[in-house]
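The block underneath contains the structure these notes are about, expressed in structure tokens.
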């Protein structure tokens, strides 16, 4: 699937590194989901086995990150 994907979004640097090791040819297509939120790009913490607040924070970070990606993914279609 990674070989066919135009874009691969991951939550943190460890995931990005793992994906790059598994599919080196995808290197330029793997980005942090929080790429557009800050410099350096924001990592989204895994809330697994944490309290409700951690899940809420992760959810909000994901929402903000997805919203930040939208303008970079939408291209205007020009009439032929």
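Using the count of nearby Cβ atoms within 10 Å as a rough guide to exposure, how do 4, 43, 17 rank from fewest to most? Before the final figure, lay out the partial values.
Numbers: 4 6, 43 19, 17 12.
If I rank by nearby Cβ atoms, fewest first, I get 4, 17, 43.
Between residue 45 and residue 74, how many nm apart are label points set 7 Å from Cα along the C-beta direction?
Here the answer is 3.2 nm between the modelled labels.
With the crude spin-label approximation of a point 7 Å out along Cα→Cβ, what separation in nm comes out for residue 23 versus residue 4?
1.0 nm
Give me 20, 75 ranked fewest to most by other Cβ atoms within 10 Å of their Cβ, as a rough exposure proxy. Please list the in-between numbers first.
On the way: 20 18, 75 6.
Sorted ascending by nearby Cβ count, the order is 75, 20.
What ranking do 35, 72 get, fewest neighbouring Cβ atoms within 10 angstrom at the top? List each step's numbers first, then the result.
On the way: 35 17, 72 11.
So the ranking, lowest neighbour count to highest, is 72, 35.
Each value in this text was obtained by applying a stated rule to the coordinates, not by laboratory testing. If you're wondering where the values come from, they're calculated on a predicted model, not measured in any experiment. Note that we place each Cβ from the backbone using ideal geometry, even for glycine, and neighbour counts take in every protein chain shown.
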